[in-house]
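First the structure, in the form of structure tokens, and then the observations on it.
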Amino acid sequence: MTAATRVAAFLGAYFGANAISAFMPLWFADRGLSAASIGQVLAAAALLRVLAGPGWGSVADRLGQRRPVLLFAAAAAAGFGISYILASGFLPLLLIASAQGIASSAINPLADSLALALAREGRLDYGPVRAIGSASFMVATAVAGWLLNRLGSWLVPWLLAAGYGASAVFSVFLPEAATPPAAPRAFAGLLLFRNPAFRLAVGCTALIQGAHAAYYGFAALFWRSQGFSDTIIGLLIAEGIVAEILLFARGRRLVERLGPAGLTACAAAASILRWTITAMAPALPVLAVVQLVHAATFAMQHLSAMLVLSRFIPAERTATAQALHAALGYGAPTGLMMLLSGWLYARYGGLVFLAMAITGGAALGLVGPLARVTNRPVVALAR
């Protein structure tokens, strides 16, 4: 099998497991946990993912290999998935969710880091491989929803364990990039913030991806309040993922033409457009068109950050950089914005999306500095 096929198989399994995890609240509720307790379990797991992710990246950089770390993390996450079946009560479930959060925090950033390293060596094209992950997420969500509707929520931890278990199996066959082990260095992760391109990429991601918090948390509720059926809501969400997949799979020339700053400019401008129109509760045909902009608000900024990390970070520090970007660009901002979105939605309903438009649009202020630093020599930025 080619390197692209092996990485795509791993990403497909992992994103499938990631999709299943969205159904865990249903299982927690059927185990007797209150809404407040479920929130505490999910919050603890999310916080530990943010804190643990950079540590996994440092381990991979020190080893100069990502495969053994991915194998260990995926196998541990699968084991904790099985542990859910044997547990009951708030504290045991909290501990298992926390442990699984720590284990799973390694997978996404290290897999992205590996794919980018292989792309740098000319062994695969990042976009189409990453598109497999998004497609798997969409398919797994649909299949899991169908199964759970017919068989019940008891199936969730079994599916979760199967997804992570498949990830562990596929990790054995992952190729390795020719990345030298990183020399031991105190505060190596923090020193990455001396790199202006890295700082700006994290800042832009935090603003633009953090602005998706209201979408992830409350779009379905808002659309249901407008009278849209759950089927229509599911199709709207799927439409956004399809647009994302198409950009990942077919947008290489566009990505290379725009570069990091151009992609971020498009993503930030699209955030203003998308979230402002969404806040206005438009008719379904308008909303269906707006959902296509997910390709810009999500995928363009993701690809912008990946370009920065692949071009302006020393090869032996890329796993740490990916983990920090995932924690501080995705995890922490989305969690904080989710809290703010809940407060705003409870008081102002769909107008919460105007706050998302302001947040995502604020990244336009970073486009100029990003353009300047990404046009500087790579050697100067990699020091």
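The values are calculated or read from the model by the stated rules, or taken from the named source; none is laboratory data. These figures come from a predicted structure and were not determined experimentally. Backbone-built Cβ (ideal geometry, glycine too); neighbour counts: all protein chains shown. For accessibility, only protein heavy atoms count, side chains too; no ligands or nucleic acids. Shrake-Rupley method; radii C 1.70, N 1.55, O 1.52, S 1.80 Å.
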- Query: So is residue 29 modelled with pLDDT of 85 or more, of a type outside the set (D, E, K, R), open to solvent by less than 20 Å² (accessible area, probe 1.4 Å) and not in a loop (DSSP other than H, G, I, E, B) or not?
  - Reply: no
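Can you tell me which residue is farthest from residue 210 (Cα to Cα) among those in the range 47-89 that are of a type in the set (S, T, N, Q) and in a loop (DSSP other than H, G, I, E, B)? Before you say what the answer is, go through the steps one by one.
Restricting attention to the range 47-89, the residues satisfying the condition of being of a type in the set (S, T, N, Q) are 58, 65, 83, 88.
Applying the additional criterion that residues be in a loop (DSSP other than H, G, I, E, B) yields 65, 88.
Working: 65: 30, 88: 33 Å.
Checking each candidate, the answer is 88.
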- Query: Does any residue in the range 205-228 that is within 19 Å of residue 288 (Cβ to Cβ) and in a helix (DSSP H, G or I) come within less than 9 Å, Cβ to Cβ, of a residue that is among the acidic types (Asp, Glu) and at pLDDT below 90 six or more places away or on a different chain, and which pairs are these?
  - Reply: 220/230; 224/230
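Can you tell me which residue among 181, 157 is at pLDDT 90 or above and touching a Gly at 6+ places or on another chain (Cβ under 7 Å)? I'd like the intermediate steps shown before the answer.
Numbers: 181 fails: at pLDDT 90 or above.
That would be 157, the only listed residue that is at pLDDT 90 or above and touching a Gly at 6+ places or on another chain (Cβ under 7 Å).
Select from the range 325-340 the residues that are of a type in the set (Ser, Thr, Tyr) and under 20 Å from residue 197 (Cβ atoms) and list them in ascending order.
Step one: list which residues in the range 325-340 are of a type in the set (Ser, Thr, Tyr), which gives 330, 334.
Selection gives 330 alone.
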- Residue check, residue 49 open to solvent by 10 Å² or more (accessible area, probe 1.4 Å), of a type in the set (D, E, K, R) and within 29 Å of residue 90 (Cβ to Cβ): yes
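Got a sec? Which of 310, 304 is part of a helix (DSSP H, G or I) and either modelled with pLDDT under 95 or surrounded by fewer than 21 Cβ atoms within 10 Å (Cβ to Cβ) (or both)? Write out each step before concluding.
Values: 304 fails: either modelled with pLDDT under 95 or surrounded by fewer than 21 Cβ atoms within 10 Å (Cβ to Cβ) (or both).
Exactly one of 310, 304 is part of a helix (DSSP H, G or I) and either modelled with pLDDT under 95 or surrounded by fewer than 21 Cβ atoms within 10 Å (Cβ to Cβ) (or both), namely 310.
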- Message: Going residue by residue through the range 350-363, is there one that turns out to be modelled with pLDDT under 95, buried (at least 20 other Cβ atoms within 10 Å of the Cβ) and either within 23 Å of the chain's Cα centre (by Cα) or of a type in the set (Asp, Glu) (or both)?
- Response: yes
- Mind counting the residues in the range 52-85 that are at pLDDT below 90, open to solvent by 20 Å² or more (accessible area, probe 1.4 Å) and over 23 Å from the mean Cα position of the chain (by Cα)? 2
- Query: Does residue 20 fit the bill of being open to solvent by 40 Å² or more (accessible area, probe 1.4 Å) and in contact with a helix residue (DSSP H, G or I) (Cβ under 7 Å, 6 or more places away or on another chain)?
  - Reply: no
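With 232, 241, 237, 272 as the choices, which residue is part of a helix (DSSP H, G or I), under 18 Å from residue 134 (Cβ atoms) and either open to solvent by 30 Å² or more (accessible area, probe 1.4 Å) or at pLDDT 95 or above (or both)?
On the way: 232 fails: under 18 Å from residue 134 (Cβ atoms); 241 fails: either open to solvent by 30 Å² or more (accessible area, probe 1.4 Å) or at pLDDT 95 or above (or both); 272 fails: under 18 Å from residue 134 (Cβ atoms).
Going through 232, 241, 237, 272 in turn, just one is part of a helix (DSSP H, G or I), under 18 Å from residue 134 (Cβ atoms) and either open to solvent by 30 Å² or more (accessible area, probe 1.4 Å) or at pLDDT 95 or above (or both): 237.
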- Message: Being aliphatic (A, V, I, L, M), touching a Leu at 6+ places or on another chain (Cβ under 7 Å) and more than 17 Å from residue 6 (Cα to Cα) is the filter here; which residues of the range 59-87 pass it?
- Response: 60, 87
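Take the residues in the range 32-46 that are open to solvent by 30 Å² or more (accessible area, probe 1.4 Å) and free of Cβ contacts under 8 Å to residues at least 24 places away in the same chain; name whichever of them is farthest from residue 323 (Cα to Cα). Quick ask: steps written out before the conclusion?
Within the range 32-46, the subset open to solvent by 30 Å² or more (accessible area, probe 1.4 Å) is 32, 34-36, 39-40, 42-43, 46.
Filter once more, so that each one left must be free of Cβ contacts under 8 Å to residues at least 24 places away in the same chain: 34-36, 39.
Numbers: 34: 32, 35: 30, 36: 29, 39: 24 Å.
Per the stated criteria, the residue is 34.
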- Task: Go through the range 333-349 and give me each residue that's of a type outside the set (D, E, K, R) and surrounded by fewer than 15 Cβ atoms within 10 Å (Cβ to Cβ).
- Result: 336, 339, 343, 346, 348
- Among the numbered criteria (1) over 24 Å from residue 233 (Cα atoms); (2) surrounded by fewer than 22 Cβ atoms within 10 Å (Cβ to Cβ); (3) under 16 Å from the mean Cα position of the chain (by Cα); (4) of a type outside the set (Ser, Thr, Tyr), which single criterion is violated by residue 323? (2)
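Does the range 151-173 contain any residue that is in contact with a Ser or Thr (Cβ under 7 Å, 6 or more places away or on another chain), open to solvent by less than 10 Å² (accessible area, probe 1.4 Å) and aliphatic (A, V, I, L, M)?
At the first step, the residues of the range 151-173 found to be in contact with a Ser or Thr (Cβ under 7 Å, 6 or more places away or on another chain) are 160.
From what is left, the residues that are open to solvent by less than 10 Å² (accessible area, probe 1.4 Å) are 160.
Restricting the remaining residues to those that are aliphatic (A, V, I, L, M) gives 160.
Yes, the range 151-173 contains at least one residue that is in contact with a Ser or Thr (Cβ under 7 Å, 6 or more places away or on another chain), open to solvent by less than 10 Å² (accessible area, probe 1.4 Å) and aliphatic (A, V, I, L, M).
Is it true that some residue in the range 128-143 is without any contact (Cβ under 8 Å) to a residue 12 or more places away in the chain, assigned to a helix (DSSP H, G or I), open to solvent by 20 Å² or more (accessible area, probe 1.4 Å) and closer than 30 Å to residue 30 by Cβ? Before you say what the answer is, go through the steps one by one.
Pass one, the range 128-143, residues without any contact (Cβ under 8 Å) to a residue 12 or more places away in the chain: 143.
With the extra rule that they be assigned to a helix (DSSP H, G or I), the set shrinks to 143.
Checking which are open to solvent by 20 Å² or more (accessible area, probe 1.4 Å) leaves us with 143.
Imposing the further condition that a residue be closer than 30 Å to residue 30 by Cβ reduces the set to 143.
Yes - at least one qualifying residue is present in the range 128-143.
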